[in-house]
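Nothing in this text is a laboratory measurement; each read-out follows from the coordinates by a stated rule. The structure displayed is predicted, hence computed values, not measured ones. Backbone-built Cβ (ideal geometry, glycine too); neighbour counts: all protein chains shown.
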Amino acid sequence: NTKTFIFDLDGVIVDTAKYHFLAWQRLASQLGIEFTPEHNEELKGVSRVKSLELILAIGNIEASQEDKNKWLIQKNTEYLSYIDDIDQSEILPGVLFVLDYLKKNKHNIVLGSASKNARPILEKTNIMHYFDAIVDGNDVTNAKPDPEVFLQGAKKMNDNPKNCIVFEDSVAGIQAANIANMISIGIGDKEVLQEANFVFPDFTHIDINFIDNLVNR
Ligand code: G6P
Ligand code: MG
């Protein structure tokens with residue numbers, strides 16, 4: 001009974017959501033926009049370009065394509081400076097245990113991330129070898145909540161979406177998983193991730209029984 005487990009990256013596997021937030025917040029304050037953690041929830045899981053559009057909409061700012069391109073580069077440069085020297089210590093608690101268990105039981109393990117920086121992060125944190133397939137921001141055209149990223153993951157494994165289980169920390173990502181007809185597991189705050197089929201504060205709360213029940217249902 002093989003299942004396909006699809007992992008989001010930022011905020012699920014690695015603690016990089018905080019770096020995206022810091023970099024967006026700096027740009028926003030430079031543009032005179034007040035950008036709160038609540039606003040940031042809407043950006044999670046969303047592509048870089050769409051994130052900038054959301055921030056500009058919050059500030060009611062219209063900008064030229066030239067300025068937008070400049071700001072996108074500025075944000076990514078700052079983000080890259082944060083992740084430049086990350087290592088395995090940035091992997092969130094309990095993640096490696098779950099990855100090991102899934103690997104041992106021969107399930108498919110897939111990355112489904114909106115980030116164009118996904119591969120270097122998997123390399124730096126030394127977890128590339130877990131993944132049977134990677135779908136990231138370089139592969140998809142439609143940002144979450146569009147299900148494209150997860151559907152591509154299922155396709156790469158030749159698996160049916162109904163046989164896929166998605167781990168996500170973002171509202172947009174949970175919506176994408178639900179639209180794809182996959183089981184959605186939220187990692188984070190139950191209040192925020194209300195639409196998920198299950199929610200856990202982090203991977204240390206996910207035990208083997210829960211995974212076995214999912215696999216056998
Ligand atoms: C992830 C993060 C977002 C980020 C997006 C694009 O989904 O949750 O916060 O903006 O990827 O990442 P990138 O590294 O390509 O800018
Ligand atoms: Mg995420």
(message) Could you check the stretch 146-158 and list, in sequence order, the residues that are surrounded by fewer than 19 Cβ atoms within 10 Å (Cβ to Cβ) and not in a helix (DSSP H, G or I)?
(response) ASP146, ASN158
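Residues checked against (1) surrounded by 15 or more Cβ atoms within 10 Å (Cβ to Cβ); (2) without any contact (Cβ under 8 Å) to a residue 60 or more places away in the chain; (3) of a type in the set (D, E, K, R); (4) closer than 20 Å to VAL12 by Cα:
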| residue | (1), (2), (3), (4) |
| --- | --- |
| VAL46 | yes, no, no, yes |
| ILE55 | yes, yes, no, no |
| LEU72 | yes, yes, no, no |
| LYS75 | yes, yes, yes, no |
| GLU78 | yes, yes, yes, no |
(message) Given the condition polar (S, T, N, Q), touching a Leu at 6+ places or on another chain (Cβ under 9 Å) and outside any helix (DSSP H, G or I), answer yes or no: does some residue in the stretch 39-60 qualify?
(response) no
(request) Would you confirm whether any residue within the stretch 105-127 is in contact (Cβ under 8 Å) with a residue 12 or more places away in the chain, of a type outside the set (Gly, Ala, Ser), over 17 Å from HIS20 (Cβ atoms) and assigned to a helix (DSSP H, G or I)? (result) no
(message) I'd like the full set of residues that are closer than 18 Å to ASP100 by Cβ and either within 16 Å of the chain's Cα centre (by Cα) or in a helix (DSSP H, G or I) (or both), limited to the stretch 193-209.
(response) PHE200, ASP202, PHE203, THR204, HIS205, ILE208, ASN209
(request) Taking the options ASP15, ASP8, ASP67, name whichever one is surrounded by fewer than 17 Cβ atoms within 10 Å (Cβ to Cβ), under 23 Å from PHE200 (Cα atoms) and charged (D, E, K, R). (result) ASP15
